[in-house]
1. Using 7 Å Cα-to-Cβ label points, what is the residue 30/residue 169 separation (nm, one decimal)?
2. Determine the percent antiparallel among the DSSP beta bridges restricted to the chain, to the nearest 5.
3. In nm, to one decimal, how far is the modelled label at residue 155 from the one at residue 89, with both set 7 Å along Cα→Cβ?
4. Would you kindly work out the equivalent ellipsoid of segment 118-171 from its C-alpha gyration tensor and give its semi-axes, the square roots of five times the eigenvalues, largest first in whole Å?
5. Picking from 174, 151, 128, which is most flexible by a Gaussian network model of the chain using Cα springs under 10 Å?
6. Return the long-range amide H neighbours of residue 87 (sequence gap of 5 or more, or a different chain), with a cut-off of under 5 Å between placed amide H atoms.
7. For segment 129-143, take each phi angle, set θ = phi - 60°, evaluate the Karplus expression 6.51 cos²θ - 1.76 cosθ + 1.60, and give the result in whole Hz per residue in order, putting x for glycine and proline.
8. Wrap a convex hull around the Cα atoms of the chain, take a quarter of its surface area, and give that in square nanometres.
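None of the figures in this text is laboratory data; all of them are computed from the coordinates on show. As the structure is a prediction and not an experimental result, all values here were calculated from the model. A quick note on method: Cβ atoms are made from the backbone with ideal geometry, for glycine too, and the neighbour counts reach across all protein chains shown.
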Amino acid sequence: MRGDGSSRGNITHTGIVQSPLTESVLVLNKYYSAIRIVNAKRAFALLYKNNAEAVEIDNSQYYNFDFSKWITFSQVRAISPIDHETFVHTPNYALLVPKVIRLVTYDKLPRREVKFNRKNILARDENRCQYCGRKFQASQLSIDHVIPKSRNGKSSWANVVTACNPCNTKKGGRSPQEAGMRLIKQPAIPKKNPVIADKVKTNRYKLWQSFLSNDELSVET
């Protein structure tokens, strides 16, 4: 599959145009259990190599598409697309970005805990400095250890928060109490992946609701 990935794209809340190839796609194992989120570029690679099939639901009926059938389905959808559908345009056809794909041979069980990484920490704290309470762009936030690493503070959900650069500088290598600062909320491990929990509420990713129960909202992103 070759294409320029061109499209009008999607405008995010920051006004930045998002490429269709960065769209989020829910990945299921062969038993239809959600296991992770990938971008559309990775999803198309899996479809093209016949490692996965796209999944659609219509009137509670499941429909599965291999790559060639997905091309045909995309041409039909392109005639009258709905507002949350996104297409990647190749020299020969418009290819609909799937919302869900199923790995045809992968049978491992999904993760049951939220992965500890910067993206999920920022999402848990809603891109808000946990000391001054202000919201920032991700690039303007750092990850602060409440109990400093120099004092054997652990890199764990219960000991890290997002902090803006001025607050992080003010706190330095001290505890919040020593710096005369207060956390707006105590950090804790999230029960749900905050990135997925936000997406599944939108019309764009409504299809995910059919595959994600509450205990599956912790799948890896």
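1. 5.6 nm
2. On the way: 25 of 29 bridges.
So the antiparallel bridges in the chain amount to around 85 percent.
3. That separation, rounded to one decimal, is 4.3 nm.
4. They are 17, 13, 8 Å, listed largest first.
5. Judging by the Gaussian network model, the answer is 151.
6. Amide H neighbours of residue 87, under 5 Å, 5+ apart: 97.
7. My calculation for segment 129-143 gives 4, 7, 10, 9, x, 8, 8, 9, 5, 4, 5, 9, 10, 10, 9 Hz in order.
8. Working: hull surface 55.8 nm².
Value for the chain: 13.9 nm².
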